[in-house]
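Chemist: Input: one structure, supplied below.
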Amino acid sequence: MEILKDDLAEALNLADVRYLSRSKRMYGAYTFSAVDERNENVVLKVQPLSELEGYRRAQQTIVRLPDRVARHLPMIYKIRTLDELGVRPPADDFGNPEELGVIVMERLEEIPGNMFDLITQPPVKSMHSLESLVRDREAFTAVIDDVVGKTRRAITLAVAGSPRGGNADEEVERLRRMLVSAAYDPEITAPSGGIVISTIDGLRSAIEKKVQLWFRGLGEPARRGKAQSLTMTIMSSISSSLGRRAIPREPMKQSPGPLSRIRGVKELMTAIEDLKSMNINPDDLHGNNIMMRPETGELVLADLGHFT
């Protein structure tokens with residue numbers, strides 16, 4: 001390892017090359033920190049040629065992407081095979097040295113723990129993720145808008161069967177606004193002793209209170225079970241939404257979860273959707289492959305080995 005590190009430093013004109021990590025995959029990438037000839041902090045990766053092709057495609061693509069997309073991809077400075085550099089590592093450490101190459105790219109940082117949770121933990125599994133969603137009024141409103149759309153038939157049936165009746169569209173909108181206001185209920189963010197279910201129960205209780213108030217506006221007696229039935233329908237839809245990750249696991253069979261609308265994550269997800277609209281697929285998405293550009297706080301897709 002030390003011999004390889006020194007040989008690469010000389011061949012690539014890098015200084016202060018230090019080992020950082022190794023991929024868990026057999027013959028996966030070795031990663032080093034370094035300083036390049038511009039005195040900039042960079043990352044050096046040694047990895048299979050099959051993944052080098054993904055970086056080559058990315059390098060060719062980034063230059064023609066709009067800035068709103070390109071800023072969420074890393075700057076790639078050099079891509080070389082070990083044969084091109086005249087460097088041969090010990091075969092027993094790296095497998096076949098003819099099938100290896102190196103990448104020099106900008107240095108990124110790991111995303112903070114709270115942001116990592118937002119990306120990798122759906123709200124039903126993380127109190128922090130749920131509270132972050134509730135506090136972000138725009139993101140929470142988007143969840144409620146989606147839920148009201150999916151449960152609209154049940155809501156309009158409740159209006160039609162109520163003593164006072166009313167205009168269905170107006171009553172759907174009245175309930176939507178009331179559900180959005182549930183985010184302000186102190187039960188949701190009250191201390192729960194770190195028990196996630198208590199936080200979710202707080203949301204359920206707040207939603208139920210809003211549904212009951214809505215039914216009273218329709219002239220329904222509080223003793224009847226229609227409010228509980230509609231609450232269950234709405235909470236089932238909300239729970240389904242809260243069970244999705246901000247960035248789905250690969251392959252992306254689910255749509256992005258509600259935390260994809262949180263600031264920071266939202267910009268990254270927009271860039272990913274833009275890439276896919278251009279028939280560019282940044283595969284192998286997961287929390288460990290998303291890092292942060294320290295100067296700007298932007299989230300960046302750090303591993304482009306499967307960029308297709």
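The values are calculated or read from the model by the stated rules, or taken from the named source; none is laboratory data. Worth saying up front: this structure is predicted, and the values here are computed from it rather than measured. We place every Cβ from the backbone using ideal geometry, glycine too, and count neighbours over all the protein chains shown.
Chemist: Hey, among the residues in segment 9-22 that are surrounded by fewer than 17 Cβ atoms within 10 Å (Cβ to Cβ) and not in a helix (DSSP H, G or I), which one's farthest from the chain's Cα centre (by Cα)?
Modeler: Asn13
Chemist: Would you call Pro74 crowded, with 19+ Cβ neighbours inside 10 Å, modelled with pLDDT of 85 or more and part of a loop (DSSP other than H, G, I, E, B)?
Modeler: On the way: crowded, with 19+ Cβ neighbours inside 10 Å: yes; modelled with pLDDT of 85 or more: yes; part of a loop (DSSP other than H, G, I, E, B): yes.
Spelling it out, Pro74 is indeed crowded, with 19+ Cβ neighbours inside 10 Å, modelled with pLDDT of 85 or more and part of a loop (DSSP other than H, G, I, E, B).
Chemist: Related question: Got a number for residues in segment 166-184 being under 14 Å from Thr141 (Cα atoms) and outside any helix (DSSP H, G or I)?
Modeler: Taking segment 166-184 as the starting set, the residues that turn out to be under 14 Å from Thr141 (Cα atoms) are 173-184.
Those left that are additionally outside any helix (DSSP H, G or I): none.
Residues in segment 166-184 being under 14 Å from Thr141 (Cα atoms) and outside any helix (DSSP H, G or I): 0 in total.
Chemist: Name the residue that is surrounded by the fewest Cβ atoms within 10 Å (Cβ to Cβ), counting only residues in segment 46-71 that are touching a residue at least 12 places away in the same chain (Cβ under 8 Å) and charged (D, E, K, R).
Modeler: This residue is Arg68.
Chemist: Continuing with the same structure: Pick out the one residue from Lys226, Lys210, Lys253 that is modelled with pLDDT of 90 or more and not aliphatic (A, V, I, L, M).
Modeler: On inspection, the qualifying residue turns out to be Lys210.
Chemist: A further question on this structure: Among (1) of a type outside the set (Val, Ile, Thr); (2) in a helix (DSSP H, G or I); (3) under 27 Å from the mean Cα position of the chain (by Cα); (4) modelled with pLDDT under 85, there is one condition Asp93 misses while meeting the rest; what is its number?
Modeler: (3)
Chemist: Which residues, taken from segment 185-206, are exposed (fewer than 14 other Cβ atoms within 10 Å of the Cβ) and either at pLDDT 85 or above or assigned to a helix (DSSP H, G or I) (or both)? Reasoning before the result, please.
Modeler: Looking only at segment 185-206, we keep the residues that are exposed (fewer than 14 other Cβ atoms within 10 Å of the Cβ), and these are 186, 190-191, 193-195, 197.
Result: Pro186, Ile197.
Chemist: Scan segment 150-171 for residues that are under 17 Å from Ile238 (Cα atoms) and surrounded by fewer than 17 Cβ atoms within 10 Å (Cβ to Cβ) and jot them down.
Modeler: Hits for segment 150-171 are Lys150, Arg152, Arg153, Ala154.
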